[in-house]
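Visitor: Would you mind keeping the following structure in view while I ask a few things?
The values are calculated or read from the model by the stated rules, or taken from the named source; none is laboratory data. Since the model is a prediction, treat every value here as computed from it, not as a measurement. We place every Cβ from the backbone using ideal geometry, glycine too, and count neighbours over all the protein chains shown. Accessible surface is based on the protein model in full, side chains and every heavy atom, while ligands, DNA and RNA are left aside. Shrake-Rupley method; radii C 1.70, N 1.55, O 1.52, S 1.80 Å.
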Amino acid sequence: MNEKIKIEDKFRKKINLLKEHNKNYFVNDNPKISDAEYDEIKKELLDLEKKYPFLKKINSVSKIVGALSPKKFKKIKHLKPMLSLSNAFDKNDMEDFIKKINNFLNTKNKNLELFCEPKIDGISATLIYEKGILTKGLSRGDGITGEDILENLKTINSIPKKIFSQKVPRLIEIRCEIFIGKNDFEKIKSKFANPRNAAGGSLRQKDPRETSKIPLRYFAYGFGAIEPMQFSSQSNFLKQIKQWGFSINPLSESINGIKEIENQHQKIDKLRSSLDYDIDGLVYKVNDLNLQKRLGNTSNAPRWAIAYKFSAEKAVTKIKDISIQVGRTGAITPVAKVQPVTVGGVVVSNATLHNEEEIKRKDIRIGDVILIQRAGDVIPQVVSVDTSKRKKESKKFKFPTKCLCGSITIKEFSKSTKKEDTVRRCLKGYDCKYIAREKLKHIVSKEAFNIEGLGKKVIDQFFDLNFITEPADIFTLDYSKIRKLEGWGDLSIDNLKNAIFKSKNISLEKFIFSIGIRHIGQENAKILAAFFISSKDFSQIFDRKSREQILKNLIELDGIGETQVDAINNFFSIEKNIKITRNLINQLSIKNYTIKNKDGKFSNKKIMFTGGFQKMSRSEAKSIAENNGGKVLGSMSRKLDILIVGDSKPTRKKIDQAKEFKIKIITESEWNKILDS
Ligand code: IVH
């Protein structure tokens, strides 16, 4: 036997042994070896994997160990969603952030007071105190529902179990980031890829005693629900909870204006390597909580906060080849296959080249020595080419004009920019297997069906085996076939079955987002769901005649423009898309859209604005109307209930039309009175 085969053989045997003991322990509840012996097998496997990276292709030890996390934590709905943050990468992005806030609030305050805190690269959790007593502790989960990890959180000594103060609100939810210090991580390094994974793994331990072995720490950075509310700013909130005994990051500061933002950024970036915990940027928050409330959220992130990331880590490597990748919308992205190199602790072997233009502009060629960078979770990018190291015989890269499926690709004409797109696309949709595969990955993603255990890698595998070729197949999987695959046991199959079963219950807005119509993101999907209300009404769009009428109505919705309407039309003009969507609907139970604020001031009223307002921006007016149950239209219609006319340059034609249609017209001051009432 040659050496490699011998090692593989040894590895396989040990993996099987590990799996057997997993089954004894987790499924049969009948362990045959001690924990120490189990850990020993695990360690031997990890050592082998480290020494011979090619073994990772056979199986990943950490995945087998990770896939166990058999403890079913109880799912609990968050009192308030746990959102993510938008990112900024440079000064321009930060100026943009401030501009957008001023636009929304209709102010011109360039020195808006911001509160700045380090962004800790850990695991987020939320702590709920009722009458000052810690009663619940949840992980973030999908942001809407978290997992009950209270017992594990309680092992962290510095988390108060009780708040000793007369002033504590009846209910207060403290949001925090859990992490492992860099020094502490050194001691347990062999078991985890990085401190963040270690913290996550520790928090998900079945037995809190295991959690307590790993030295977890935390910083509190925010709040969820508070009843009654008693804070007026982020800074005084943090000051108060610090007095109550919570751990607060000492590098937090109040900041005014772009100059201070830049200074703070440089100052903390310099400190970064000397800190005992990982940070990947700074979070800037509007300090005034009243303004935060007015600004509100988009579907994923608050408008009042942003994460300003530190500049990416860079490394030099060489391009071995350039290939193309096909995205779920058919977009063709060139990818550089590079000589593996470590950037910021992660081995990188692919880097994106964005598009054809970018390759041309930077004259990037196969064989070139290049500088790449990696920032956070973003795909590594090629920054520049060192042409001095280029060989004479090197040739310009010829961009392929065909998709991986063999079809021609085209650059579409964009109606909105009136220019040819920079991106080449394959237009075959589900008929291109590369697109189909990506569409399926989108369907199972966190923002869509959110099926735990059915990630990108599993989709790749199931797609190659023809288990899943269209979305509906997810719900009719033949589990006996999966059971025969390596790495799948009774437990993981049960978990998958459950996760898939649960995902059948889906809201109309998530469903619309999931089917992956181009230009229909989460926000637009919500607008469409509010329009259609039920999946039955949505299905009318399959019929060509009804579709024409529906599209005419859609263009009237605020937020939906010609681009979206064209995209919807294109999508459903393809018979196959209709069939696939129908098949999927048949497997699901789609919940009707429910208007969030049924008894709001404008519930079920169709509203339109014209002209600029003194007191608030159009965006704020729109969000207030929607939060009060109203539907904001983008163009005049007989169905409109109220036209609100701002003082600055209202459109005459709209007012005349409203009069003709006998629609109620109110002025800005009347609008303000309604809001105050
Ligand atoms: S504020 C509405 N402040 O970053 C979200 N988040 O990308 C407000 N994080 O889930 C988040 N340090 O887990 C905030 N000082 C800080 C933070 C912080 C780390 C994490 C947090 C959040 C994620 C968002």
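Visitor: Which condition does ARG425 not pass, out of (1) open to solvent by less than 50 Å² (accessible area, probe 1.4 Å); (2) over 29 Å from the mean Cα position of the chain (by Cα), if it passes all the others?
Guide: Every condition holds for ARG425 apart from (2).
Visitor: Something else now. Do you know which residues across segment 479-507 are touching a Phe, Trp or Tyr at 6+ places or on another chain (Cβ under 7 Å) and either among the β-branched types (Val, Ile, Thr) or loosely packed, with under 14 Cβ neighbours inside 10 Å (or both)?
Guide: Scanning segment 479-507 gives LYS481, ILE482, ILE493, ILE500, LYS504, ILE506.
Visitor: Continuing with the same structure: Of the numbered conditions (1) open to solvent by 30 Å² or more (accessible area, probe 1.4 Å); (2) farther than 25 Å from GLU575 by Cβ, LYS415 satisfies every one except a single condition; which is it?
Guide: Only one criterion in (1) open to solvent by 30 Å² or more (accessible area, probe 1.4 Å); (2) farther than 25 Å from GLU575 by Cβ is unmet by LYS415, namely (2).
Visitor: Can you name the condition, by its number, that SER619 falls short on among (1) under 14 Å from ASN106 (Cα atoms); (2) touching a strand residue (DSSP E or B) at 6+ places or on another chain (Cβ under 8 Å); (3) not in a loop (DSSP other than H, G, I, E, B)?
Guide: (2)
So that you can scan it fast, the table gives a plain yes or no per residue for (1) under 26 Å from GLY201 (Cβ atoms); (2) modelled with pLDDT under 80; (3) open to solvent by 50 Å² or more (accessible area, probe 1.4 Å); (4) over 29 Å from the mean Cα position of the chain (by Cα):
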residue: ILE7; (1), (2), (3), (4): no, no, no, yes
residue: ASN16; (1), (2), (3), (4): yes, no, yes, yes
residue: LYS43; (1), (2), (3), (4): yes, no, yes, yes
residue: VAL65; (1), (2), (3), (4): yes, yes, no, no
residue: SER69; (1), (2), (3), (4): yes, yes, no, no
residue: PHE97; (1), (2), (3), (4): no, no, no, no
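Visitor: Here's a follow-up. Does SER139 qualify as being within 14 Å of the ligand (Cβ to nearest atom) and either open to solvent by 10 Å² or more (accessible area, probe 1.4 Å) or modelled with pLDDT under 95 (or both)?
Guide: For SER139, the condition - within 14 Å of the ligand (Cβ to nearest atom) and either open to solvent by 10 Å² or more (accessible area, probe 1.4 Å) or modelled with pLDDT under 95 (or both) - is met.
Visitor: Check THR298 against each of (1) within 30 Å of SER514 (Cβ to Cβ); (2) within 16 Å of the ligand (Cβ to nearest atom); (3) of a type in the set (Val, Ile, Thr); (4) modelled with pLDDT of 95 or more and name the one condition it does not meet.
Guide: The single condition THR298 does not satisfy is (4).
Visitor: When segment 113-129 is examined, which residues are found to be near the ligand (Cβ under 10 Å from one of its atoms) and either within 18 Å of ILE98 (Cβ to Cβ) or of a type in the set (D, E, K, R) (or both)?
Guide: If the condition is that a residue be near the ligand (Cβ under 10 Å from one of its atoms) and either within 18 Å of ILE98 (Cβ to Cβ) or of a type in the set (D, E, K, R) (or both), then PHE115, CYS116, GLU117, LYS119, ASP121 are the ones that fit.
Visitor: Is it true that some residue in segment 544-556 is assigned to a loop (DSSP other than H, G, I, E, B), open to solvent by less than 60 Å² (accessible area, probe 1.4 Å) and of a type in the set (Ser, Thr, Tyr)?
Guide: No, segment 544-556 has no match at all.
Visitor: When you go through ILE379, ILE359, ILE451 one by one, which is the residue that is β-branched (Val, Ile, Thr), under 18 Å from LYS337 (Cβ atoms) and either touching a residue at least 60 places away in the same chain (Cβ under 8 Å) or part of a loop (DSSP other than H, G, I, E, B) (or both)?
Guide: Unique residue meeting the criteria: ILE379.
Visitor: Search segment 270-295 for residues being within 20 Å of SER617 (Cα to Cα) and surrounded by fewer than 15 Cβ atoms within 10 Å (Cβ to Cβ), and hand back the single one that is nearest to the ligand (Cβ to nearest atom).
Guide: Applying the filter and picking the extreme gives LYS293.
Visitor: Let me ask something additional. Out of curiosity, is ARG518 in contact (Cβ under 8 Å) with a residue 40 or more places away in the chain and open to solvent by 20 Å² or more (accessible area, probe 1.4 Å)?
Guide: So ARG518 fits the description; yes.
Visitor: Right, something else. Just to be sure, is ILE568 surrounded by 15 or more Cβ atoms within 10 Å (Cβ to Cβ), of a type in the set (A, V, I, L, M) and modelled with pLDDT of 95 or more?
Guide: The answer is yes for ILE568.
Visitor: From the set of residues in segment 301-339 that are open to solvent by 20 Å² or more (accessible area, probe 1.4 Å) and within 16 Å of the ligand (Cβ to nearest atom), which is nearest to LYS398 (Cα to Cα)?
Guide: So, considering only residues that are open to solvent by 20 Å² or more (accessible area, probe 1.4 Å) and within 16 Å of the ligand (Cβ to nearest atom), the one nearest to LYS398 (Cα to Cα) is LYS309.
Visitor: Moving on to the next point. Restricting to segment 571-582, give me the number of residues that are of a type outside the set (A, V, I, L, M) and open to solvent by 50 Å² or more (accessible area, probe 1.4 Å).
Guide: Within segment 571-582, residues that are of a type outside the set (A, V, I, L, M) and open to solvent by 50 Å² or more (accessible area, probe 1.4 Å) number 5.
Visitor: On to the next question. Within segment 99-112, how many residues turn out to be more than 16 Å from the ligand (Cβ to nearest atom) and either open to solvent by less than 80 Å² (accessible area, probe 1.4 Å) or closer than 19 Å to ILE156 by Cβ (or both)?
Guide: Of the residues in that region, 7 qualify.
Visitor: Out of all the residues in segment 350-385, which are open to solvent by 40 Å² or more (accessible area, probe 1.4 Å) and either under 29 Å from GLY122 (Cα atoms) or in contact with a Ser or Thr (Cβ under 6 Å, 6 or more places away or on another chain) (or both)?
Guide: Correct list: ASN350, GLU357, LEU371, GLN373, ARG374, ASP377, VAL378, ILE379, GLN381, VAL383.
Visitor: Next question. Considering only segment 466-517, give the helices (runs of 4 or more DSSP H) lying wholly within it that have at least 1 residues that are closer than 21 Å to ASN577 by Cβ and in contact with a Lys or Arg (Cβ under 6 Å, 6 or more places away or on another chain).
Guide: Of the helices (runs of 4 or more DSSP H) lying wholly inside segment 466-517, those with at least 1 residues that are closer than 21 Å to ASN577 by Cβ and in contact with a Lys or Arg (Cβ under 6 Å, 6 or more places away or on another chain) span 508-514.
Visitor: For segment 261-297, which positions are aliphatic (A, V, I, L, M) and within 23 Å of ILE123 (Cβ to Cβ)?
Guide: Answer for segment 261-297, where residues must be aliphatic (A, V, I, L, M) and within 23 Å of ILE123 (Cβ to Cβ): ILE268, LEU271, LEU275, ILE279, LEU282, VAL283.
Visitor: Look at LYS75 and say whether it is open to solvent by 30 Å² or more (accessible area, probe 1.4 Å), farther than 26 Å from GLN230 by Cα and within 24 Å of the chain's Cα centre (by Cα).
Guide: Judged against the criteria, LYS75 is a match.
Visitor: Can you tell me which residue in segment 436-452 is farthest from the chain's Cα centre (by Cα), limited to those that are over 11 Å from SER503 (Cβ atoms) and open to solvent by 10 Å² or more (accessible area, probe 1.4 Å)?
Guide: The selected residue is ARG437.
Visitor: Would you check if GLY132 is in contact (Cβ under 8 Å) with a residue 24 or more places away in the chain, within 10 Å of the ligand (Cβ to nearest atom) and either hydroxyl-bearing (Ser, Thr, Tyr) or surrounded by fewer than 24 Cβ atoms within 10 Å (Cβ to Cβ) (or both)?
Guide: Here the answer is no, as GLY132 does not meet what is asked.
Visitor: Filter segment 76-98 down to residues that are polar (S, T, N, Q) and away from the ligand (no atom under 16 Å from the Cβ), then give me how many there are.
Guide: The total comes to 1.
Visitor: Continuing with the same structure: Take segment 639-654 and flag every residue that is under 38 Å from the mean Cα position of the chain (by Cα) and not in a strand (DSSP E or B).
Guide: LYS639, LEU640, ASP641, GLY646
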